[in-house]
Every structure is written in structure tokens, then in C-alpha cells.
1. Considering (1) under 16 Å from the mean Cα position of the chain (by Cα); (2) surrounded by fewer than 16 Cβ atoms within 10 Å (Cβ to Cβ); (3) within 15 Å of residue 151 (Cα to Cα), say which one residue 47 fails and leave the rest.
2. State yes or no: is residue 78 part of a strand (DSSP E or B), in the same structural domain as residue 134 (by TED's automatic domain parsing) and touching a strand residue (DSSP E or B) at 6+ places or on another chain (Cβ under 7 Å)?
3. Assuming residue 106 fulfils every condition listed in (1) in the same structural domain as residue 229 (by TED's automatic domain parsing); (2) at pLDDT below 95; (3) not basic (Lys, Arg) apart from one, which condition is it?
4. Within region 176-216, which residues are of a type in the set (A, V, I, L, M, F, W, C), more than 13 Å from the chain's Cα centre (by Cα) and not in a helix (DSSP H, G or I)?
5. Would you call residue 170 more than 17 Å from residue 35 (Cα to Cα), of a type outside the set (D, E, K, R), at pLDDT 95 or above and assigned to a loop (DSSP other than H, G, I, E, B)?
6. For residue 182, indicate whether it is surrounded by fewer than 15 Cβ atoms within 10 Å (Cβ to Cβ), free of Cβ contacts under 8 Å to residues at least 60 places away in the same chain and not small (Gly, Ala, Ser).
7. Any idea which of 172, 164 is in contact (Cβ under 8 Å) with a residue 60 or more places away in the chain and surrounded by fewer than 16 Cβ atoms within 10 Å (Cβ to Cβ)?
8. Counting only residues that are among the hydrophobic types (A, V, I, L, M, F, W, C) and part of a loop (DSSP other than H, G, I, E, B), which one in region 134-167 is farthest from the chain's Cα centre (by Cα)?
Amino acid sequence: MKTKVASLLVVILIATTQFMAQERITVEAQNNDISNNLDLKAVATAFGESKNMEEFEQKLNDYDSGISNLDLNNDGQVDYLRVIEKMENDVHVVVIQAVLDKNAYQDVASIVVEKDQNNNPTVQIVGDPYLYGANYVIEPTYSYTPSIFSFFWGSNYYGWDSPYYWGYYPSYYRYHSPIGINLYLSNIRNHINYNDSYYYTQNHFDNYAQRIHQSISRNDYGNRYPERNFSTRNENIRNKRDFEFNRNRVIQNNQTRQSYQGNSTGTRPTRTWDNSNVQRNSQ
């Protein structure tokens, strides 16, 4: 009897271990490039869930969510991200800048919001070329109408120029060290709304929006360290999209293999990972 019980326990333990192995998902970076430390899909989610620019800046720097893991100046602390927004002729340009030193700022990404020919707001999240490579652009399609649209085109609208700078930060901000890249990638999945869709494109909005961006852009770190730009860091890589494509392919292969091994009928099921990441244009 004891032998049977012991055998049964062994079988249960093995089955449980196999199940846990099948369900465990580890998101691994293909490299340690700095661009992996700020996921622009998470930025798009935070933007869509904010009621104004001040709240958006707070979300970017929230310690608990850890949306940003950037340490561009290598001082051992996650950089504070300030937000500057400018509007002209109903075109809103939001620039996210890392605060790196006294009067030293570096563009990280920008958000362009304008209305299409049907008067519907459209959004592009544009990674700065120094950090993400050329033409790394995400167009989020929200499953809901972000309240920030009402703010942009409402009577209570006001431009936001972050008052914070090196050594002067809001009370909610906490100094903290970056976490390991694999831990960051696993964590950031919890802060992306996968009910939304994220389309990759190489097409920027019109030149008018780009001119607005140039009027508030800062590239102090890029000018100081041109040898650290994306194209120099990564030879034969177009932009961060190539990293994501390779990483997602590895995850898909691992998940399919695990599903196949755990399928008693021998029929290989079809599983997808992050199927909202649809590429609109061929790159």
C-alpha cells in the first residue's frame, strides 16, 4: 500500500512539474541594447490611460509600474522622463525627454496626435533614432476612446511644459537602480493593454508635425556621444523592430513546442503570441 501511495505521489509530482514547465514563460532579450529598456507599446498604453499631460508624465516615472528602465547617462539610476507638449493648428506633439545632467536632456520618443480627414484623432509613437534606430514608429489603435483626446480638444486644454529638471523632481519620484533586462521585459508585459492593436510603420505624419517637434527637441546626449547612437551600436540592424521580431519568434517557437509536447493526441495546435503586433507596412 505504501509503495502504491509513493508511486502515486511521484506521478503527481512529475505531472505537476511538466505542467509548470509548459506554462512558464520567460521573456528573454536577444541583446542588452539600451532601447530594450523603454517599451513604446507600454508608453502608448500609459498615454491612452492618462487624462492629461501631467498624469502621463507621472505614469512614465511611476516606480511601481516600472515603465521606464532607462539609464542613458550610466549613473546607476533610472533617468527621470520629462514631458513637453506643443500644439499648433490642432496638431499636438508630445516629446519625452530623459533628464541626464544640469541642462542636459535627450529625446527618447515623441507622440504625434492629429485628426484625420474624418475628424478622428490618430496617434503615432515615434522612437528617437538615437535610441531606437531610424523609422521606428508605432501606431496604436485603442479599443476605447482615450480621455486625453477630450483634453486635447476641450475647453480646459493647456499646454504642458514639464517644470522638472536635474535635481528637482516631483514628490512621487523615487531614485532607483535599473533592473535586469529580462526582468524588465517580463514585468512590462503587465503594463501593455493587449486589447489595443499596435501597428508598425515607417511612415511619419506630415512635415508640419516634424517642424513642431524640431522646435522643442533636445539631443544633448546624442551630440555629446555620437558614437553611441543606434546605428553604431548595432551594425546591420535597421531599428528596434528587428530585436522584437526575433524575440517574438523565439517565444512563439518555445510556446508551440511546449504545446506540442503536452498534447496527448499528437496534433500540433496553433498558438499565437502578442497577435496585436501586426506589421502594417513591409519593412
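The values are calculated or read from the model by the stated rules, or taken from the named source; none is laboratory data. Because the structure is predicted, anything quoted here is derived from the model rather than measured. In this analysis, Cβ positions are derived from the backbone assuming ideal geometry, glycine residues included, and neighbour counts consider all displayed protein chains.
1. (2)
2. So residue 78 fails the test.
3. The one condition residue 106 does not meet is (2).
4. Result: 179, 205.
5. Details: more than 17 Å from residue 35 (Cα to Cα): yes; of a type outside the set (D, E, K, R): yes; at pLDDT 95 or above: yes; assigned to a loop (DSSP other than H, G, I, E, B): yes.
Yes: the conditions hold for residue 170.
6. Numbers: surrounded by fewer than 15 Cβ atoms within 10 Å (Cβ to Cβ): yes; free of Cβ contacts under 8 Å to residues at least 60 places away in the same chain: no; not small (Gly, Ala, Ser): yes.
For residue 182, the condition - surrounded by fewer than 15 Cβ atoms within 10 Å (Cβ to Cβ), free of Cβ contacts under 8 Å to residues at least 60 places away in the same chain and not small (Gly, Ala, Ser) - is not met.
7. Working: 164 fails: surrounded by fewer than 16 Cβ atoms within 10 Å (Cβ to Cβ).
Step by step, each of 172, 164 is checked, and only 172 is in contact (Cβ under 8 Å) with a residue 60 or more places away in the chain and surrounded by fewer than 16 Cβ atoms within 10 Å (Cβ to Cβ).
8. Of region 134-167, the ones among the hydrophobic types (A, V, I, L, M, F, W, C) are 134, 137-138, 148-149, 151-153, 160, 166.
When the remaining residues are screened for being part of a loop (DSSP other than H, G, I, E, B), the result is 134, 153, 160, 166.
Values: 134: 16, 153: 26, 160: 22, 166: 24 Å.
Going through the qualifying residues, I end up with 153.
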